[in-house]
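The values are calculated or read from the model by the stated rules, or taken from the named source; none is laboratory data. In this text the structure is predicted, and so the values were computed from the model without any measurement. Cβ coordinates were reconstructed from backbone atoms using ideal geometry, including for glycine residues, and neighbour counts include every protein chain displayed. Calculation scope for accessible area: heavy atoms of the full protein, side chains included, ligands and nucleic acids excluded. Shrake-Rupley method; radii C 1.70, N 1.55, O 1.52, S 1.80 Å.
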Amino acid sequence: MLAERMKRLGTENAFQVALRAMKHQEEGNTVYPFHLGDLNFKTPEPITEAMLKAVHDGKTGYCPAAGILPLRIALAEEINRTRKTSYTPENVLVQTGGKPVIAKFLLGFMSEGDEVLFPNPGFPIYESFIEFLGGIAKPYGFLETERGYSIDIDALEKSVTPRTKCIIINDFQNPTGSEASREERERLAEIILKYKLMALVDEAYFDIRYEGKSVSMLEIGDIRDNCVLLYTFSKKFAMTGWRVGAMFAPTKYIPQLSKLNVNIESCTPHFTQYGALEALKLPESENKKIIDELRLRRDVAVKLLNEVDGVHCPSPNCAFYLYPNVTKLMHKKGFGDDYKTFAEDVLVKTGVSFCTREHFGKKAPYETENFIRLAFSGVNCSQIEKACEALKAYAK
């Protein structure tokens, strides 16, 4: 009795990997959970206290669909400071996390039969929602380089047709941990303007940075009228379960996009917005504690993974994912390109649980190398060391 479109709805397969890892652990085995991009940090106490105070103050009813005004003001100020924009509260719609921004962007700007360019490998919800809503998902890929991974811009532009209406750009990327260079951003901007595309700029990991400074696509002012920005509190403030985020869009689109809030969830929970408001008031030292620990985990993991025979792992400057090349290891162990059997064998023999390239979109015909994704946001340094020792022994 389900609607036909339900057959087109995908999922976030990392949760399936998590279920398999949990079963293995329940059988009495040690598991090193590198599969899910969650954080094993407590939300900073001032945020929790502000949320609880809002509950006690009776902030438990409906609020404006666009979000409470103090939070929208603070969000506009935050993005203007970090992205060199000139947003006002009228450009901001508070959301229940980042995923609703993806869905509402597509609902608002993609008609059935329209083509949408999306990153592959990439966050699987992009492709899932494009196809679920009747669009045509057109992947663009990445090239392995000395600095990690870069967008295959030439191939991306060649895939544009008169039916292409939107593009999704995930800078500071999941799963590769890559970021666009200045040249890549400029080329992307040229493509957006040349073909009159509407762009979703997903910068969920903008603030998860270890060296250098993050630069946003939105600093290219010419494209702002063609862009919707995805912002989330989940990563920077260890608030994954709070489900608070925001959509930034040109003012002319806000009234219609706000109706989607009214129709789908009415509003983001009133009290969690006060927690989010407090988060934006925190000194940078609070976020620095999380970043410093993540940097330490990254450095330990990259060093030890590169000591595993058959593994090559670049060191990302942003996000909390590693995307090592495991082609030699998989072939050495006799798995060829069989990701599923390889991942199961590694889990059973080492306890290391991870996602593979296949969890982030369909592998393109030209891809000849094999990759896995390791999230180091939910494992401490001791676990990383033990996991890598187990992988070294497995590789031998």
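How much accessible area per residue does the chain have, in Å², with a 1.4 Å probe?
Numbers: 17270 Å² over 396 residues.
About 44 Å² of surface per residue is accessible.
THR96's amide H: which non-local residues (gap 5+, or another chain) put their own amide H closer than 5 Å, with H modeled 1.01 Å from N in plane and none for Pro or chain starts?
GLY245
Suppose we keep just the DSSP beta bridges with both residues in the chain; what percent of those would be antiparallel, to 5?
Working: 19 of 38 bridges.
Bridges in the chain are about 50 percent antiparallel.
Which part of the range 67-85 falls in the paramagnetic zone of SER266, meaning amide N under 13 Å from the point 7 Å along Cα-to-beta-carbon?
No residue passes the distance filter.
Given charges of +1 on the Cβ of Lys and Arg and -1 on the Cβ of Asp and Glu, with all other atoms neutral, how large is the dipole of the range 186-284 about its Cα centre, in debye to the nearest 20? Before the final figure, lay out each step's value.
Details: 12 positive and 12 negative charges, 47 e Å.
Dipole about the Cα centre, nearest 20: 220 debye.
Given charges of +1 on the Cβ of Lys and Arg and -1 on the Cβ of Asp and Glu, with all other atoms neutral, how large is the dipole of the chain about its Cα centre, in debye to the nearest 20? Before the final figure, lay out the partial values.
Values: 51 positive and 52 negative charges, 69 e Å.
With only Lys, Arg, Asp and Glu charged at Cβ, the dipole is about 320 debye.
For VAL352, enumerate residues with amide H under 5 Å from its amide H, sequence gap 5+ or separate chain, H modeled in the peptide plane.
TYR32
For PHE118, list long-range residues whose amide hydrogen, built 1.01 Å from N in the peptide plane, is under 5 Å from its own amide hydrogen.
Amide H neighbours of PHE118, under 5 Å, 5+ apart: LYS138, TYR140, ILE168.
Under a Cβ-only charge scheme (Lys and Arg +1, Asp and Glu -1), can you give me the dipole magnitude of the range 83-158 about the Cα centre, in debye to the nearest 20? Kindly include the intermediate steps, with their values, before the conclusion.
Numbers: 7 positive and 11 negative charges, 83 e Å.
Dipole about the Cα centre, nearest 20: 400 debye.
What percent of all Cα-Cα pairs in the chain falls into each 10 Å bin, going from 0 up to the bin containing the maximum distance?
5, 22, 32, 27, 13, 2, 0
May I ask you to evaluate 6.51 cos²θ - 1.76 cosθ + 1.60, the Karplus curve with θ = phi - 60°, for each residue of the range 36-44 and list the ³J(HN,Hα) values in order in whole Hz, giving x for glycine and proline?
Each residue of the range 36-44 in turn: 10, x, 9, 10, 9, 10, 6, 4, x Hz.
What are the ³J(HN,Hα) values, in whole Hz, obtained from phi via the Karplus relation 6.51 cos²θ - 1.76 cosθ + 1.60 with θ = phi - 60°, for each residue of the range 78-88 in sequence order, with x given for Gly and Pro?
Ordered by residue, 3J(HN,Hα) equals 5, 5, 4, 5, 8, 10, 6, 9, 9, 6, 10 Hz.
Starting from the alpha-carbon convex hull of the range 201-345, give the projected area averaged over all orientations, in nm². Each step should come with its number before you reach the end.
Details: hull surface 50.1 nm².
About 12.5 nm², averaged over all directions.
Helix-only estimate, please: 222 nm mean residue ellipticity of the chain, summing -39500 (n - 2.57) across DSSP H runs of length 4 or more and dividing by its residues, to the nearest 500.
Working: 13 runs with 157 residues, N = 396.
That comes out to -12500 deg cm²/dmol.
Between THR251 and LYS194, what FRET efficiency comes out of the Förster formula 1/(1 + (r/R0)^6) with R0 = 22 Å and r the beta carbon distance, rounded to 0.05? List each step's numbers first, then the result.
Values: r = 24 Å, r/R0 = 1.10.
Calculated value: 0.35.
Can you give the accessible area of GLU385, probe radius 1.4 Å, in Å² rounded to 10?
Accessible area, nearest 10 Å²: 90 Å².
Helix 182-194 sits at what angle to the longest principal axis of the chain, using alpha carbons and giving 0 to 90 degrees rounded to 10?
50 degrees
Straight-line reach only, C-alpha to C-alpha below 13 angstrom: list the aspartates and glutamates that LYS23 could link to, leaving out same-chain residues fewer than 8 apart.
Leaving aside aspartates and glutamates fewer than 8 places away in the same chain, those within reach of LYS23 are GLU344.
Modelled label-to-label distance, ASN29 and LYS362, 7 Å Cα→beta-carbon offset: nm?
3.1 nm
Quote the accessible area belonging to THR145 in square angstrom, nearest 10, computed with a 1.4 Å probe and with ligands, DNA and RNA left uncounted.
That residue has around 50 Å² of solvent-accessible surface.
Which pairs, out of LYS59/LYS235; LYS7/LYS349; LYS340/LYS396, put more than 29 Å between their alpha-carbon atoms? If you can, show how the numbers build up before the last one.
Values: LYS59/LYS235 25 Å; LYS7/LYS349 35 Å; LYS340/LYS396 21 Å.
Pairs exceeding the cut-off: LYS7/LYS349.
Which of the trypsin sites (Lys or Arg not before Pro) across the range 64-163 are loop residues per DSSP, with 15 or fewer other Cβ within 10 Å? Please list the in-between numbers first.
Details: sites: ARG72, ARG81, ARG83, LYS84, LYS104, ARG147, LYS158, ARG163; in loops: LYS84, ARG147, ARG163.
Here the sparse-neighbourhood loop sites are LYS84, ARG147, ARG163.
Which entries of LYS138/LYS363; LYS236/LYS259; LYS138/LYS196; LYS42/LYS236; LYS328/LYS363; LYS165/LYS194 have Cα-Cα distances beyond 21 Å here?
Details: LYS138/LYS363 13 Å; LYS236/LYS259 28 Å; LYS138/LYS196 17 Å; LYS42/LYS236 12 Å; LYS328/LYS363 18 Å; LYS165/LYS194 12 Å.
The answer is LYS236/LYS259.
Taking 8 Å as the Cα distance limit and 6 or more residues as the minimum spacing, I'd like the relative contact order of the range 57-139 as a percentage. Mind showing how you got there, number by number?
Values: 74 pairs, mean separation 18.6, N = 83.
Once divided by the residue count of the range 57-139, the mean separation gives 22 percent.
As an exercise, identify the GluC sites (Glu not before Pro) in the range 168-252 lying in DSSP coil whose Cβ has no more than 15 other Cβ atoms within 10 Å.
Numbers: sites: GLU179, GLU183, GLU184, GLU186, GLU190, GLU203, GLU211, GLU219; in loops: GLU179, GLU203, GLU211.
Filter output for the range 168-252: GLU211.
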